[in-house]
Amino acid sequence: MASNLKKIFLSASIPLADRDLKYFDTADNTAIRDAVIALARIALPKAELVWGGHPSITPLIKLVLEKQKLKVEDHVTLYQSNFFPPENEYVGKIIRTEALQDKASSLQLMREEMIIKNNFCAAIFIGGMEGVEDEYKLFKEAHPDVPVFPIASTGAASRILYFQNKFENERLLTDFCYLPLFDELFEGILDGK
């Protein structure tokens, strides 16, 4: 059952060209896609992934769930704000948060519900824009002792977080072999050691 599985927080998105170029200019869309798929392949059999619905990320995770023949409701929890029209309806376990007066406050409420009200064993940050940076900050405040891993090789916000926070694991910056990377990062985290 999902309640017995450890939870991993995922913050990921593919930067858009019409938004802040500091994210778009360093983003590696292929690496973002590969990292999300590898994370799902390594984590989902043993854990529950929790993330805020993103139209470029959710279908990748659903694809891995289907290939691994895992029950969606046991291995993922997707958060979405009612400020936005419903999407990702094919994910069985969606927690909808209240729509407030504007986009920013609605997203903040969703992030607080998603990050503060769950216990996590790790957090992964892949690609992304300002939302990934916001979620990193909130996650570190709420869970200061939980390991966090910005996958800087995917570029964008995760690369910015890697340098801003002076991470020293160079594999996060240079390694594009994501399956063995996540295997190593989760060693001892998912197996209860």
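FYI, it's all coordinate maths here, none of it is from the lab. This structure is a prediction, so every number in the text was calculated from the model and none was measured. Glycine gets a Cβ as well: all are built from the backbone with ideal geometry, and neighbour counts include every protein chain shown.
For (1) among the acidic types (Asp, Glu); (2) within 15 Å of Ala12 (Cβ to Cβ); (3) in contact (Cβ under 8 Å) with a residue 60 or more places away in the chain, each residue gets a yes or a no:
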| position | (1), (2), (3) |
| --- | --- |
| Leu60 | no, yes, no |
| Val76 | no, yes, no |
| Ile115 | no, yes, yes |
| Glu135 | yes, yes, yes |
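Within region 137-193, can you find the residues that are in contact with a Pro (Cβ under 7 Å, 6 or more places away or on another chain) and closer than 19 Å to Ser13 by Cα? Residues satisfying the conditions are Ala156, Ser158, Leu161, Tyr162, Leu172.
The residue of region 77-88 that is surrounded by the fewest Cβ atoms within 10 Å (Cβ to Cβ), among those that are over 11 Å from the mean Cα position of the chain (by Cα) and among the hydrophobic types (A, V, I, L, M, F, W, C), is Phe84. Among the candidates Gly127, Gly188, Gly131, Gly155, the residue that is under 21 Å from Lys46 (Cα atoms) and of a type in the set (Gly, Ala, Ser) is uniquely Gly188.
Of the residues making up region 1-29, those that are hydroxyl-bearing (Ser, Thr, Tyr) and either out of contact with any Asp or Glu (no Cβ under 6 Å at 6 or more places or on another chain) or surrounded by fewer than 15 Cβ atoms within 10 Å (Cβ to Cβ) (or both) are Ser3, Ser13, Tyr23, Thr26. Scanning region 36-61 for residues being closer than 15 Å to Ile94 by Cα and touching a helix residue (DSSP H, G or I) at 6+ places or on another chain (Cβ under 7 Å) gives a total of 6. In summary, Ala27 fulfils each of the numbered conditions (1) among the aliphatic types (A, V, I, L, M); (2) part of a strand (DSSP E or B); (3) under 14 Å from Ala152 (Cα atoms) with the single exception of condition (2).
Looking only at residues of region 115-145 that are of a type in the set (Phe, Trp, Tyr) and not in a strand (DSSP E or B), we find that the one that is surrounded by the most Cβ atoms within 10 Å (Cβ to Cβ) is Tyr136. A count restricted to region 146-193 and to residues that are among the polar types (S, T, N, Q), crowded, with 21+ Cβ neighbours inside 10 Å and not in a helix (DSSP H, G or I) stands at 0. Determine, yes or no, whether Glu73 is touching a Lys or Arg at 6+ places or on another chain (Cβ under 6 Å), surrounded by fewer than 16 Cβ atoms within 10 Å (Cβ to Cβ) and assigned to a helix (DSSP H, G or I). The answer is yes for Glu73.
Within region 30-64, restricting attention to residues that are of a type in the set (Gly, Ala, Ser) and closer than 26 Å to Gly188 by Cβ, which residue is surrounded by the most Cβ atoms within 10 Å (Cβ to Cβ)? In this case the residue turns out to be Ala43.
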